[in-house]
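Below: one structure, written as structure tokens.
What follows draws every value from the coordinates through simple rules; no lab data is involved. Values in this document were obtained by computation on a predicted structure and should not be read as measured data. All Cβ positions, even for glycine, are placed from backbone atoms using ideal geometry, and neighbour counts span all protein chains on display.
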Amino acid sequence: MGDQTGLVGFEWCESSPLSFTESTMHQGSWKREPLRNLHGLGRSEYGTEVIVMESSSGIANEDVTHTKDDTLKNIHGSICALESMFRRYASARLSTALQLLAFSIQSVCSTITLSTTALDPQHPGQYIHLECRSAEIPLDEGQKLSWLKVFELVAYLVAMLREQVLVVRQLQRENSGIDAIDSTDMIQYHFISLSSFSTVQIQ
């Protein structure tokens, strides 16, 4: 998918998300939280992290505790990816930032799930984590029709990534100062005025 679309480049095998370091750095001491690597990362053409990935079990047996931990790791990783974008385009409009999405993919046994994380439009500073698609990976010839859902999941992701390119270009335009933007409409105004960005709704 990365080679064919050019929308995302992948990094595998215990990747270190830069956005995690940015989001957990203590400004007073310049120390960061212990780094939690991910099984995979997807980065946009601008070098920003847009997809976080975790493989939570083998084919046969699921460790439920591990699955829960990886789910939380994906949610946290996708929030960090969004916050990194907000810092990069701090002078852009909050209304545009509300259109930004971070994606997460998690595999549990033979099931893969695609989810999105975005700012809550009703409560900026809080987040909504939404499961978008789920598919069973076919393991033998008798399950080959299951590929249809897998392909649809990938197609959905590609379509959403293309939409995100347009959102980022708009953020770049607004952040450049080419258009006059009232300071109270900027991302940085709302982030400075909010004390916490840790609340998540899971849908």
Inset, instruction - Give the range of the longest stretch in the chain that excludes all chymotrypsin sites (Phe, Trp or Tyr not before Pro) found in loop regions by DSSP and having at most 12 other beta-carbon atoms within 10 Å. - result: 47-203
Legend entry - Helix 64-88 axis, angle to the chain major axis (alpha carbon atoms, nearest 10°): 30
Legend entry - E141-T5 pseudo-label distance in nm [points 7 Å out on the Cα-to-Cβ vector]: 3.2
Legend entry - Shape call, the stretch 113-199: gyration tensor on alpha carbons, a/c limit 1.5: oblate
Inset, instruction - Pick out, from A118, Q188, T67, the residue whose Cα sits farthest towards the positive end of the charge dipole of the stretch 2-202, with +1 on the Cβ of Lys and Arg and -1 on the Cβ of Asp and Glu. - result: Q188
Legend entry - For the chain, share of DSSP beta bridges that run antiparallel, in % to the nearest 5: 75
Inset, instruction - Taking a cut-off of 14 Å between Cα atoms, list the aspartates and glutamates near K68, but don't count ones fewer than 8 places away on the same chain. - result: E54
